[in-house]
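Since the structure comes first, as structure tokens, the remarks are kept for the end.
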Amino acid sequence: MSLAKELYLEAKEIVFDHFRTPTFWKVIFWAILAIGSFSIVYRFAFGLGASTNLSDEFPWGLWIGFDVMTGVGLAAGGFTISGLTYIFNIKKFRPIVKPAILTAMLGYILVVVGLLVDLGRPWYIWHMIIYWNIHSPLFEVGTCVLLYNIVLILEFSPVVFKKLRWSKAFHAVKKITMPLVILGVILSTLHQSSLGSLFLPVFTQMHPFWYSPLLPVLFYLSAVMTAFAMVTVESNIAARALRKQVEIGVLAVIARILVVLMVLFGVIRLIDLYHQGILPQIFQANEASLYFWIEYSFMIIIPLILLTSEKRRWNNTILFYAAASTVIGFTIHRLNVAVTARTLINGDLYSPSFMELMTSVFIVAVGMAAYGFISKYFDLHDESGFTTELEEINVPKGGNSPQIQMAKK
């Protein structure tokens, strides 16, 4: 049977199997897909004013705060895990490097989708490539995200080439793995921090709890920290969905790193507030302090309580809830910086419209479905490389051993 026919039959079986066995969550997914698709079409047909609650006074809302600011941070596992695995040669992380790269690739592709939906004239996005504004943090972020998308696709391509049995393409990309990883780390470091730089010019329009000259540093540290939490969450979800064992030994090591990074970020955050002279204000009974403590509790306090014990770090259930708490806290933090900080200081009454909400839910649902599909039908955990039947027998080519004759048959 030819490869093309084999792939066609496999795809056909996947589609038929999906519709043969409808479940509650599949129905929910298709409902989200339908409503989200309608919301996106409506946005492009009638504009931002008709489909969102954005305005000239409040141009950045949920789509920037969640789809872009949060999405980029949650996808940071690609460069952190691949950097530790390939550059620092920590072989313990090899079982999770491909899932981490897949999460990052899907995350960045969906960030671009969310950005295109948010832009007033998305068909002009190519101008960034031609007309350079080297003084703008947005230009640096856009360029790095574009290049890093290419890097991630190349980093993940060996998994696809192995599935398609394209040996030459597989080995060609494998030869440049190290340069790709190094380039990915550089690009990620640049744009993860520059996302924080976008808010530096608007210090008069942000609540002091979330404005700081250290925003680039805080954005980078929070992204690296949350990358390890996100890897833990997606490893657990994938293991349950595919009915596989969780790499508890690897996740326990990740938990130790996560504890160190949480302490570092939490202490820097408090020192920064103290340096600005507003630390006592977090103990006042008002809306701003409430938002701060919700963010800080989910992001730092709860995970630290759960993970400070070595015994608890080897409990997969505790690991999952601690990592999930960090991810939730990180999401709240980015939304506070992008949205809440402005509403509190300016009194702007912004709340996302139904279409804004459904578009973001649509993007998340598509990402989760794509991750589940690729995890199920592509080999993400085999690091043995591309092998043919003759290579697996491990005998010289051209020999006439019985094993070779059987393999040829």
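Quick check for you: which residues of region 319-351 have the amide N under 18 Å from the point 7 Å beyond the Cα of F58 toward its beta carbon?
Within reach of a label on F58, which here means backbone N under 18 Å from a point 7 Å along Cα→Cβ, region 319-351 contributes 332-351.
With the contact rule set at Cα under 8 Å and sequence spacing of 6 or more, what percent relative contact order holds for the chain?
26 percent
What do you reckon, how do V217, V202, V259 stack up by accessible area (1.4 Å probe), largest on top?
On the way: V217 70, V202 45, V259 25 Å².
The ordering from most to least exposed comes out as V217, V202, V259.
Just to confirm a number: summing +1 for Lys and Arg and -1 for Asp and Glu over residues other than G78 whose beta-carbon lies under 12 angstrom from that of G78, what do you get?
-1
Using a 1.4 angstrom probe and counting only protein chains, how large is the accessible area of L290 in Å², to 10?
Roll a 1.4 Å probe over it and L290 shows about 100 Å².
Determine the share of the chain's accessible area contributed by carbon and sulfur atoms, expressed in whole percent, with a 1.4 angstrom probe.
On the chain, the fraction of accessible area on carbon and sulfur atoms equals 69 percent.
Taking all protein chains together and a probe of 1.4 Å, list I28, I150 from the most accessible to the least accessible.
I150, I28
Determine the calculated [θ] at 222 nm for the chain from helices alone, applying -39500 (n - 2.57) to every DSSP H run no shorter than 4 residues and normalising by the residue count; nearest 500 deg cm²/dmol. Display every interim value, and only then the final one.
On the way: 20 runs with 280 residues, N = 409.
Taken over the chain, the calculation gives -22000 deg cm²/dmol.
Pop out the ³J(HN,Hα) list for region 70-77 in order, Karplus 6.51 cos²θ - 1.76 cosθ + 1.60 with θ = phi - 60°, rounded to Hz; leave Gly and Pro as x.
For region 70-77, the Karplus curve yields 6, x, 5, x, 5, 8, 6, x Hz.
May I ask for the net charge around F320, where only other residues with Cβ less than 14 Å from the Cβ of F320 are counted and Lys, Arg are +1 while Asp, Glu are -1? Don't jump to the answer; show the numbers that get you there.
Numbers: positive: R240, R312, R313; negative: E234, E247.
Result for the local shell: +1.
Counting Lys +1, Arg +1, Asp -1, Glu -1, what net charge surrounds I257 among other residues with beta carbon under 13 Å of its beta carbon?
+3
Taking just the C-alpha trace of region 113-259, give me its Rg and Dmax in Å.
Cα radius of gyration and Dmax of region 113-259 are 19.1, 57 Å respectively.
Over 20 Å between C-alpha atoms is what I'm after, so list which of K5/K244; K175/K376; K26/K162; K168/K244; K162/K376; K163/K376 land there.
Working: K5/K244 29 Å; K175/K376 27 Å; K26/K162 29 Å; K168/K244 31 Å; K162/K376 15 Å; K163/K376 12 Å.
In this structure, K5/K244; K175/K376; K26/K162; K168/K244 lie more than 20 Å apart at Cα.
Out of every Cα pair in region 40-169, what percent are spaced more than 26 Å from each other?
Of the Cα pairs, 36 percent sit more than 26 Å apart.
Where only protein heavy atoms count, and the probe is 1.4 Å, what is the accessible area per residue for the chain in Å²?
51 Å²
Students sometimes get this wrong: rank F219, F203 by accessible area, probe 1.4 Å, all chains present, largest first.
F203, F219
Given the whole protein assembly as supplied and a 1.4 Å probe, what does the accessible area of V41 come to in Å², nearest 10?
100 Å²
In whole angstrom, how far apart do the alpha carbon centroids of region 77-152 and region 180-257 sit?
13 Å
Over the Cα atoms of region 262-308, each weighted equally, I'd like the Debye log10 I(q)/I(0) at q = 0.19 Å⁻¹, rounded to two decimals.
-0.63
Mind grabbing the accessible area of F46 for me, 1.4 Å probe, Å², rounded to tens?
130 Å²
The values are calculated or read from the model by the stated rules, or taken from the named source; none is laboratory data. What you see is a predicted model, and the numbers here were worked out from it, not measured in a lab. Note that each Cβ is placed from the backbone with ideal geometry, even for glycine, and that neighbours are counted across all protein chains shown. When the accessible area is computed, the model is the full protein with side chains, heavy atoms only, and any ligands, DNA or RNA have been set aside. Shrake-Rupley method; radii C 1.70, N 1.55, O 1.52, S 1.80 Å.
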